[in-house]
Amino acid sequence: MAEKVKHSKKEIITHAKITIGAYGSAPGCINDGVVERIIEPPEGGTFLKFIGCDYLYKGTTDQKVIDVLYFPKRRLRNFISFLTTKWGTTLTLLTFPFKKPMLIFLAEQYLKDVYLESFTKYLFLSESKYCISVREIWRVMTLFIGQVKNERIQNILFKLRNIICMILEFDVAYRLMVQDILPNFNKQAVKENPGKEMERVLDIFYERTNDTRWKKIGKTGLFLLKVWLALRKLVVRFLLEIDLDKIKLDNADYYFCLQRPDYKFRGKSLEERLRQKRMIDRQKHHFIPSVEILKRA
């Protein structure tokens, strides 16, 4: 494969690394980033500097990792979607008195399918390699898992942490949504009335996403939080412990949200965000080169 990169008035043929969808997936826009260099600062994380753009893209792309992550993501998504169905809700209610052994069984079956040799080969990043927002989620999850006394459950939770953090690190669309919605939580409101605060933030999320499946998932989650005291306490502890300043979108993160049509980042429509991008590009004298993938004869 060769990549034809159109930059300014010139056309060059190069083997530069291309990050597909770095800027989003808006129709009629240049969405792919051409990597100029990879930056790994001593304080941690990995950044990509794209040709023609001043903002640094957090994280990196590795097609092997993305391919390996597809299966655990799909299985997890299918399982959560099943819980929102009539049969899934009925099964949840019937097995609720035995929720702990049932959850252990389901988690182990899930990990047996997805936590394969290929997964462990590619997906063991050290904490310092994650971007700052994922690093904070890793920190809080590791803190809580370390307080679990049961070694079997602890082993399950460590593996689930690895999957969740790797998905957030390499699937930027999911990560940016998490960064957009989590900082809407008011910690004082979480302390005073966690159920009401979660409903408020979920309503913001429903208004911003185009995927109606999230509403079903959210309702199922709220139901579980109402009837399962231990889970509710855990979620409250997580929200109170996490440093939302390390999660929230900074200017660079938000720039890479501007051409993403499937979610209203900061509550702004795609049209508003496209106008913002044109204004930022003019102010910073950005010139984003277009990319055409050519097959070699």
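Bear in mind that the values in this text are calculations on the coordinates, not laboratory data. Just so you know, these numbers come straight off a predicted model, no measurement behind them. Using ideal geometry, Cβ is built from the backbone for each residue, glycine included, and neighbour counts are taken over all protein chains shown.
If R0 is 41 Å, what FRET efficiency do you get for Val227 and Ile132 from their C-beta distance, rounded to 0.05?
About 0.70, to the nearest 0.05.
Within the stretch 250-282, name every residue whose backbone N is under 17 Å away from a label modeled 7 Å from Cα of Arg139 along the Cβ vector.
250
Going by a ≥ b ≥ c, the root eigenvalues of the Cα gyration tensor, does the stretch 120-192 fall in the rounded group (a/c under 1.5), the prolate group (a/b larger than b/c) or the oblate group?
oblate
Relative to the longest principal axis of the chain, what angle (0 to 90°, nearest 10) does the C-alpha long axis of helix 213-227 take?
30 degrees
Quick one: if you stick a label point 7 Å off each Cα along the C-beta vector at Arg75 and Arg213, how many nm between them?
1.7 nm
Can you tally the net charge around Arg278? Count Lys and Arg as +1, Asp and Glu as -1, for every other residue whose Cβ sits under 12 Å from the Cβ of Arg278.
Working: positive: Arg273, Arg275, Lys277, Arg282, Lys284; negative: Glu271, Glu272, Asp281.
Taking every Cβ under 12 Å from that of Arg278, the sum is +2.
Just check the chain against the gyration tensor rule for me: Cα atoms, a ≥ b ≥ c as the square roots of the eigenvalues, rounded for a/c under 1.5, and otherwise prolate or oblate depending on whether a/b exceeds b/c.
Since a/c reaches 1.5 and a/b is larger than b/c, the shape of the chain is classed as prolate.
Rank these for me by crowding, Arg282, Arg139, going from fewest to most other beta carbons within 10 Å. Kindly include the intermediate steps, with their values, before the conclusion.
On the way: Arg282 9, Arg139 16.
Listed from fewest to most nearby Cβ atoms, that is Arg282, Arg139.
For the residues Glu197, Glu36, what sequence is obtained by ranking on other C-beta atoms within 10 Å, fewest first? Present the calculation step by step, with values, prior to reporting the outcome.
On the way: Glu197 20, Glu36 14.
So the ranking, lowest neighbour count to highest, is Glu36, Glu197.
Sort Thr142, Thr46, Thr90 by Cβ crowding within 10 Å, fewest neighbours at the top.
On the way: Thr142 14, Thr46 19, Thr90 10.
Placing the least packed residue first, the sequence is Thr90, Thr142, Thr46.
Using Cα-Cα distances under 8 Å and only pairs 6 or more residues apart, what relative contact order does the stretch 63-247 have, in percent? Show your work: numbers first, answer last.
On the way: 116 pairs, mean separation 50.8, N = 185.
Dividing the mean separation by the residue count of the stretch 63-247 yields 27 percent.
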